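The block underneath contains the structure these notes are about, expressed in structure tokens.
The values are calculated or read from the model by the stated rules, or taken from the named source; none is laboratory data. Just so it is clear, the structure is predicted and the values come from calculations on it, not from any experiment. No Cβ is skipped: glycine too gets one built from the backbone with ideal geometry, and neighbour counts run over all protein chains shown. Accessible surface is based on the protein model in full, side chains and every heavy atom, while ligands, DNA and RNA are left aside. Shrake-Rupley method; radii C 1.70, N 1.55, O 1.52, S 1.80 Å.
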Amino acid sequence: MRNLPILISGVLLGLFGVLGAGLVGLSHEGTAERIARNEREALLQQLQVLVPAQQIDNDMLVDVIEVSAPEWLGAEVTRVYRGRRGEQPVAAVLSPVVTQGYSGPIRLIVAIRFDGSLAGVRVLSHRETPGLGDKIEIERTAWILSFDGKSLLDPAPSAWQVKRDGGDFDQFTGATITPRAIVRGVRDSLEYFGEHKLQLFESGQGQAGTANGGDGQ
């Protein structure tokens with residue numbers, strides 16, 4: 001009986017430990033779900049901005065496939081939302097494209113017209129330094145709009161860098177790594193699309209599927 005209080009204390013400590021681990025797990029799961037939900041909402045808002053409804057006659061939220069090309073697109077799985085008009089390819093929206101910033105991964109939406117020019121780029125999520133790296137957000141500056149209309153040939157391949165590295169794209173005062181990462185991610189997305197655009201649009205309208213873009217097969 002003398003050891004009973006010790007046993008009770010041990011059991012209580014164990015229960016508190018299990019409870020605490022469970023709460024942490026639930027909190028992490030809830031945070032992950034909230035981030036995913038926020039990204040989905042941002043994607044829905046930007047799809048019609050990047051590919052206006054009057055340019056297409058299909059439902060891009062239905063006409064979607066998944067690809068795995070992390071060497072180009074950064075993510076293990078990227079969804080490709082395809083816009084068509086009269087069954088002819090108009091544009092593809094890649095989401096997410098992941099590139100490594102100063103404080104962690106930056107997740108992008110990259111919209112590319114079938115001719116290889118950019119319809120636009122938007123930031124889905126990031127953890128860059130407030131007041132410096134967060135200038136990539138369209139709500140803060142117009143920097144992200146500098147990609148509009150660009151392609152692998154405009155500017156020239158050697159100019160797909162920030163100006164500090166001899167390229168055409170502005171960097172931020174005190175934050176070069178962040179814009180450098182986005183320029184690299186967008187360029188890689190254009191290269192991927194250029195090599196795989198026919199394959200990406202092969203599946204019929206409204207048919208979901210998968211396409212492995214990693215090996216070009």
Item to check | Candidates Arg164, Arg140 - the one that is open to solvent by 50 Å² or more (accessible area, probe 1.4 Å) and in a loop (DSSP other than H, G, I, E, B) | outcome: Arg140
Checklist entry - Among the residues of region 43-55, is any at pLDDT below 95, within 11 Å of the chain's Cα centre (by Cα) and more than 25 Å from Pro155 (Cα to Cα)? => result yes
Checklist outcome for this item: Expected output for region 95-107 (first residue more than 7 Å from Arg127 (Cα to Cα), partner at pLDDT below 95 and among the acidic types (Asp, Glu), Cβ below 8 Å, 6+ apart or cross-chain) is Pro96/Glu39; Gly101/Glu128; Tyr102/Glu128; Ile106/Glu128; Arg107/Glu39
Checklist entry - Just one of Glu41, Glu66 is assigned to a helix (DSSP H, G or I), of a type in the set (D, E, K, R) and open to solvent by 30 Å² or more (accessible area, probe 1.4 Å); which is it? => result Glu41
Next on the checklist: Being modelled with pLDDT under 95, surrounded by fewer than 20 Cβ atoms within 10 Å (Cβ to Cβ) and touching an Asp or Glu at 6+ places or on another chain (Cβ under 9 Å): is that true of Ser103 here?
Outcome noted: yes
Next on the checklist: Every residue in region 143-161 that is farther than 17 Å from Gln46 by Cα, surrounded by 13 or more Cβ atoms within 10 Å (Cβ to Cβ) and out of contact with any strand residue (DSSP E or B) (no Cβ under 6 Å at 6 or more places or on another chain), please.
Outcome noted: Ser151, Leu152, Pro155, Ala159, Trp160, Gln161
Checklist entry - List pairs: first in region 64-76 and at positive phi, second surrounded by 22 or more Cβ atoms within 10 Å (Cβ to Cβ) and among the aliphatic types (A, V, I, L, M), Cβ under 7 Å, 6+ apart or cross-chain? => result Gly74/Val97
Next on the checklist: Going through Leu94, Leu132, Leu118, Leu108 one at a time, which residue ends up being more than 13 Å from the chain's Cα centre (by Cα) and open to solvent by less than 10 Å² (accessible area, probe 1.4 Å)?
Outcome noted: Leu118
